[in-house]
């Protein structure tokens, strides 16, 4: 056992130092908590490769039989192949990400840098909308979109985001832009840059961490959104992944659990991929933010 000498010449076991023991205990607790959080995902992965008749009969993680039939069956079980619903979700989610990045960054720049009448009042109203439950606005929004004949189209899910309706991301970007020195704007203005040039060439490149965060959360929240997509997309040809997965469940009890778990794993792929890609840009943006 490794030892070291203290001030009095006594040897103290190196492995039993309180500091090392505390760190070891902390890592063990974090590992255990992480495994606990991952258990539902691991169980779903395990269930997706089990024959359907033993999924609930053998609820353990280690399957006694392994099959990929659930993936083949789930891909073609619905009216369209599951790739069709993945594409529908990709279109809506992609447009939502672009809309939030453009609209929220513009609104945030206006609140953080520009002066206009009743600026503080509008900012307070914007903050107040964060505390307004989404379900309160569902009925009036549905009436508006119904009068516009937008039901069963992607427009109710996409157009509001082009109007900067996600106040949380506006507030996030406002707080980030306020941390940037105003001397950058003044230097650009001396060089003849207007508001648009300052925004595009000075503010926007420095906002990469906030933009990456907005893009990641918009993608995850939109891809997983069931309520709004189920409300506005009632035609089976327009279903997204979140709504299509519901089609595997039958209220009469004839649910296809195996194919549903298999397609749930497939639907998680884009989320993990986008998060990993966005996390890389987020870390790079934090590391390189500043004067250049």
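Screening residue 84 with (1) closer than 12 Å to residue 238 by Cα; (2) in contact (Cβ under 8 Å) with a residue 12 or more places away in the chain gives one miss only, at (2). State whether one or more residues within the range 137-146 are farther than 26 Å from residue 235 by Cβ and either surrounded by 12 or more Cβ atoms within 10 Å (Cβ to Cβ) or not assigned by TED's automatic domain parsing to the domain that holds residue 234 (or both). Within the range 137-146, none of the residues are farther than 26 Å from residue 235 by Cβ and either surrounded by 12 or more Cβ atoms within 10 Å (Cβ to Cβ) or not assigned by TED's automatic domain parsing to the domain that holds residue 234 (or both).
Looking across the range 192-219, just one residue is farther than 16 Å from residue 174 by Cα, in contact with a helix residue (DSSP H, G or I) (Cβ under 6 Å, 6 or more places away or on another chain) and at pLDDT below 90, and that is 216.
Yes or no, residue by residue, for (1) touching a strand residue (DSSP E or B) at 6+ places or on another chain (Cβ under 9 Å); (2) surrounded by fewer than 13 Cβ atoms within 10 Å (Cβ to Cβ); (3) in the same structural domain as residue 265 (by TED's automatic domain parsing); (4) at pLDDT 90 or above:
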{"site": "25", "(1), (2), (3), (4)": "no, yes, no, no"}
{"site": "38", "(1), (2), (3), (4)": "no, yes, no, no"}
{"site": "63", "(1), (2), (3), (4)": "no, no, no, no"}
{"site": "93", "(1), (2), (3), (4)": "no, no, yes, yes"}
{"site": "108", "(1), (2), (3), (4)": "no, no, yes, yes"}
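Residues that are in a loop (DSSP other than H, G, I, E, B) and on the phi < 0 side of the Ramachandran plot within the range 192-248 comprise 193, 194, 207, 225, 226, 233, 234, 235, 239, 240, 247, 248, listed in sequence order.
Of all residues in the range 159-188, those satisfying the criterion of being over 22 Å from residue 125 (Cα atoms) and either outside any helix (DSSP H, G or I) or touching a helix residue (DSSP H, G or I) at 6+ places or on another chain (Cβ under 6 Å) (or both) are 179, 180, 181, 184, 185, 188.
Okay, residues lined up against (1) within 20 Å of the chain's Cα centre (by Cα); (2) at pLDDT 85 or above; (3) assigned by TED's automatic domain parsing to the domain that holds residue 81; (4) more than 20 Å from residue 48 (Cβ to Cβ):
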position	(1), (2), (3), (4)
228	yes, yes, yes, yes
252	no, no, yes, yes
255	no, no, yes, no
270	yes, yes, yes, no
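A quick yes/no check of all residues on (1) farther than 25 Å from residue 229 by Cα; (2) in contact (Cβ under 8 Å) with a residue 12 or more places away in the chain; (3) surrounded by 20 or more Cβ atoms within 10 Å (Cβ to Cβ):
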residue	(1), (2), (3)
156	no, yes, yes
169	no, yes, yes
173	yes, yes, yes
179	yes, no, no
185	yes, yes, no
192	yes, no, no
196	yes, no, no
207	yes, yes, yes
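The values are calculated or read from the model by the stated rules, or taken from the named source; none is laboratory data. This is a predicted model, so every value here is computed, not measured. Note: ideal-geometry Cβ built from the backbone for every residue, glycine included; neighbour counts use all protein chains shown.
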